[in-house]
Each structure stands twice: as C-alpha cells, then as structure tokens.
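Trainee: For reference, the structure I am asking about is given below.
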Amino acid sequence: MESNFIEQAQRRIRQSAAVAPGEHAPTLPGLSNISHARASLPDVARENYLTGLGPTATFNHLIDDIVPGLNGENRSGRYWGFVTGSTLPIAELADNIVSAYDQNVQVHLPEQTISTEVEDAALKMLLRLLRLGEPEQWEGRTFTTGATASNILGLACGREAVVASRLAEDLGSVGEVGLLRACMKAGIEEIQVLTSMGHSSLSKAASVVGLGRTSVKSLPFSDAEPWRLDIDAVERELQRKNVASIIAISAGEVNTGRFATTGIEDMTRLRRLADQYQAWIHADGGPKPTHTLNLES
C-alpha cells in the first residue's frame, strides 16, 4: 500500500515538472497561481486547522495547490539569483535515496552502515578534482547543508584556531573554557573576519559563532573590482595588536563568479601572512558552498 502510494506520487510529481521537447519551462508562476496557493495554506481561524488530512489528501493539496505557485528554476537553465536552479536527474534520484534511507553520516558505524564511507569517498574525489592535495592533508573533512552551515563551520574552526594559537597548552581552548574566557587568557580583544564581497551568510555565521556581524570587514581591492581582496589592507589589519584574524576568501563570489584572489601569487602571499600573524584562512566555495575547506597552517 505504502509503496503504491509513493510510486503514484512520484509519477505525478514527474508529470507536473515535465517539460515537453522544444518547449521552455515557465520560470515564474502566474500571480493567480501564487494567490491560489497562498489561499490554500492552513488558516488558524478554521475549526479543522490542526486536523490531519491523511497522506492522499495532503499530497493532492501539495501537487494541485502549492506546486503551481512555485517558480520553475529547477526545470530551466536560467538563473534567477538564488543558487538553487537545475538539478540533474541522477542527483534528484540520489536525493530520493537519501530521504528514503535517512542515514546519519556523522557517526561512523562501519559494522552497521556504509553511509559515512560513501560520503568520504565523494570528499576524496572532490579533493582530487580540485587538485587540493592528498586526503590526509584535510582531516575532519565533511559536507554541510549549504552556505550558512559551511560558513558557521569554517568560522567556528577559525575561531578555535586563532585563539588556540595564542594560548598556552595548559590554558584550555574555546571549546573547553568558552570564547570569552579563552580570549581573556590569550590577550585577545577582538576577532575580525577579513573578506571582500563576502556572502551574506558570512555575517550570519559570524553572529552565530559569537564573533558578531560587525566583525566582518570588507576590504575590496577597488570600486571597479570589489570582489577582489586588497591584500595590502589585509596585511595592515593583521598587524593590529591584541586582534586575531580570520581571512575569508571567496573562491567564486556568488553574484559575479569572480575570485577574491588573482592567482597563486596572491594565495602564497596570504598563506605567508597568515602564518606570520597566526591568522586562519577560510575559503568560501562561492556559487554553491555546500562544503567548506579551511586552509590551516
């Protein structure tokens, strides 16, 4: 019974999303479709507001009322501002497998499931594809759910590293004693995030990990190239006393696709400056930052 329901539902989903050969997918829905979808949403004023409809009626509501009010980025090669457009069929199928089996890849249970090793195999392939060296150089590698999670993880790792680099080994760490106490012991008055045209999630992440939105400082090379990082300005900021720094480099800025650095010379200089001033380099993967790779000393 359940399998039939899923099969029939999947068939209707594919039919609703199908585009006939030679036709263009409607990227935006009509206003009437949006109005109808909005009116169909649960209304707290109705007596049956919290009454369950059952799987069939709920699915009919979703496919008949809600789906026509969605935009069509996924069915079109056109880009409309958010990095959610177009999914290859095999990626959609893989996503369905993930939903159906609901694995926990963050807990490695080699005698019980292969899921963690599957993810790690994909990470190793990604490192190879991007020519980032051997997997052993990237301990703790992981996939995240998107831009915000990637930047939260990256800034949290950076926060831990820049504070720990100024702490004696017997004085603990941020994870052990907390951010405030660790900074006091390390003589740190401020932690700053230096970037150029940083993704909006960078400021959100800075807020979540306790650095604050104002810790994110944009250092554009020029008005003509705001995505490019001014490395001279970075060096001046790194020289500030009692200030620890995280350098957030956009590896493909989300609106322009441009890189914060111009080549290996820029990266080499940033690496040298980070080592000299005990800073952390966080590379934001830009257009679709579903993973974070942090360049540690």
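Trainee: Read through the list (1) over 23 Å from residue 132 (Cβ atoms); (2) of a type outside the set (Ser, Thr, Tyr); (3) under 23 Å from the mean Cα position of the chain (by Cα); (4) part of a helix (DSSP H, G or I), then give the number of the only condition that residue 255 fails.
Mentor: Looking at each condition in turn, residue 255 falls short on (4).
Trainee: Select from segment 241-267 the residues that are under 30 Å from residue 184 (Cα atoms) and in contact (Cβ under 8 Å) with a residue 12 or more places away in the chain and list them in ascending order. Spell out how you get there, then give the answer.
Mentor: Going residue by residue through segment 241-267, those that are under 30 Å from residue 184 (Cα atoms) are 241-249.
Answer for segment 241-267, where residues must be under 30 Å from residue 184 (Cα atoms) and in contact (Cβ under 8 Å) with a residue 12 or more places away in the chain: 242, 243, 244, 245, 246, 247, 248, 249.
Trainee: I'd like the residue in segment 132-145 that is within 21 Å of the chain's Cα centre (by Cα) and part of a loop (DSSP other than H, G, I, E, B) and, out of all such residues, is farthest from residue 161 (Cα to Cα).
Mentor: 145
Trainee: If you don't mind, there's one more thing I want to ask. Could you tell me whether residue 269 is at pLDDT 95 or above and over 15 Å from residue 161 (Cα atoms)? Break it down stepwise before answering.
Mentor: Details: at pLDDT 95 or above: yes; over 15 Å from residue 161 (Cα atoms): yes.
Taking the combined requirement at face value, the residue satisfies it.
Trainee: Quick check on my filter: what residues within segment 150-169 are of a type outside the set (Lys, Arg), over 17 Å from residue 250 (Cβ atoms) and surrounded by 16 or more Cβ atoms within 10 Å (Cβ to Cβ)?
Mentor: First pass over segment 150-169, keeping only residues of a type outside the set (Lys, Arg): 150-158, 160-165, 167-169.
If we keep only those that are over 17 Å from residue 250 (Cβ atoms) as well, we get 156-157, 160-165, 167-169.
Residues satisfying the conditions are 156, 157, 160, 161, 162, 163, 164, 167.
Trainee: OK, next. Do the conditions hold for residue 214, that is, is it surrounded by 14 or more Cβ atoms within 10 Å (Cβ to Cβ) and either of a type outside the set (Phe, Trp, Tyr) or not assigned by TED's automatic domain parsing to the domain that holds residue 149 (or both)? Let's see the steps before the verdict.
Mentor: Values: surrounded by 14 or more Cβ atoms within 10 Å (Cβ to Cβ): no; either of a type outside the set (Phe, Trp, Tyr) or not assigned by TED's automatic domain parsing to the domain that holds residue 149 (or both): yes.
Spelling it out, it is not the case that residue 214 is surrounded by 14 or more Cβ atoms within 10 Å (Cβ to Cβ) and either of a type outside the set (Phe, Trp, Tyr) or not assigned by TED's automatic domain parsing to the domain that holds residue 149 (or both).
Trainee: Inspect all residues belonging to segment 68-91 and state whether any of them is in a loop (DSSP other than H, G, I, E, B), charged (D, E, K, R) and either more than 26 Å from residue 254 (Cβ to Cβ) or at pLDDT 95 or above (or both).
Mentor: Quick first cut of segment 68-91, residues in a loop (DSSP other than H, G, I, E, B) only: 70-72, 76-88.
Among the residues that remain, those that are also charged (D, E, K, R) are: 78.
Now restrict to residues that are either more than 26 Å from residue 254 (Cβ to Cβ) or at pLDDT 95 or above (or both): none.
Checking segment 68-91: not a single residue is in a loop (DSSP other than H, G, I, E, B), charged (D, E, K, R) and either more than 26 Å from residue 254 (Cβ to Cβ) or at pLDDT 95 or above (or both).
Trainee: Taking segment 180-203 only, how many residues are more than 16 Å from residue 160 (Cβ to Cβ) and surrounded by 16 or more Cβ atoms within 10 Å (Cβ to Cβ)?
Mentor: Matching residues across segment 180-203 total 9.
Trainee: So, residue 234, is that one of a type in the set (A, V, I, L, M, F, W, C), touching a strand residue (DSSP E or B) at 6+ places or on another chain (Cβ under 9 Å) and assigned to a helix (DSSP H, G or I) or not? Full working, then the answer.
Mentor: Numbers: of a type in the set (A, V, I, L, M, F, W, C): yes; touching a strand residue (DSSP E or B) at 6+ places or on another chain (Cβ under 9 Å): yes; assigned to a helix (DSSP H, G or I): yes.
For residue 234, the condition - of a type in the set (A, V, I, L, M, F, W, C), touching a strand residue (DSSP E or B) at 6+ places or on another chain (Cβ under 9 Å) and assigned to a helix (DSSP H, G or I) - is met.
Trainee: Could you check how many residues of segment 104-123 are within 21 Å of the chain's Cα centre (by Cα) and loosely packed, with under 14 Cβ neighbours inside 10 Å?
Mentor: Number of matching residues: 6.
Trainee: Taking into account only those residues within segment 272-286 that are of a type outside the set (A, V, I, L, M) and buried (at least 16 other Cβ atoms within 10 Å of the Cβ), which is modelled with the lowest pLDDT? Show your work before the answer.
Mentor: Filtering segment 272-286 for residues of a type outside the set (A, V, I, L, M) gives 272, 275-278, 280, 282, 284-286.
Those left that are additionally buried (at least 16 other Cβ atoms within 10 Å of the Cβ): 277-278, 280, 282, 284-286.
Values: 277: 96, 278: 95, 280: 96, 282: 93, 284: 85, 285: 78, 286: 58.
Among those residues, the one meeting the criterion is 286.
Yes/no per residue for (1) more than 23 Å from residue 271 (Cα to Cα); (2) touching a Leu at 6+ places or on another chain (Cβ under 7 Å); (3) outside the structural domain of residue 273 (by TED's automatic domain parsing):
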residue	(1), (2), (3)
168	yes, no, no
174	yes, no, no
197	no, no, no
202	no, no, no
209	yes, yes, no
222	no, no, no
241	no, no, no
251	no, no, no
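The values are calculated or read from the model by the stated rules, or taken from the named source; none is laboratory data. Because the structure is predicted, anything quoted here is derived from the model rather than measured. So basically every Cβ, Gly included, is an ideal-geometry build from the backbone, and we count neighbours across all protein chains shown.
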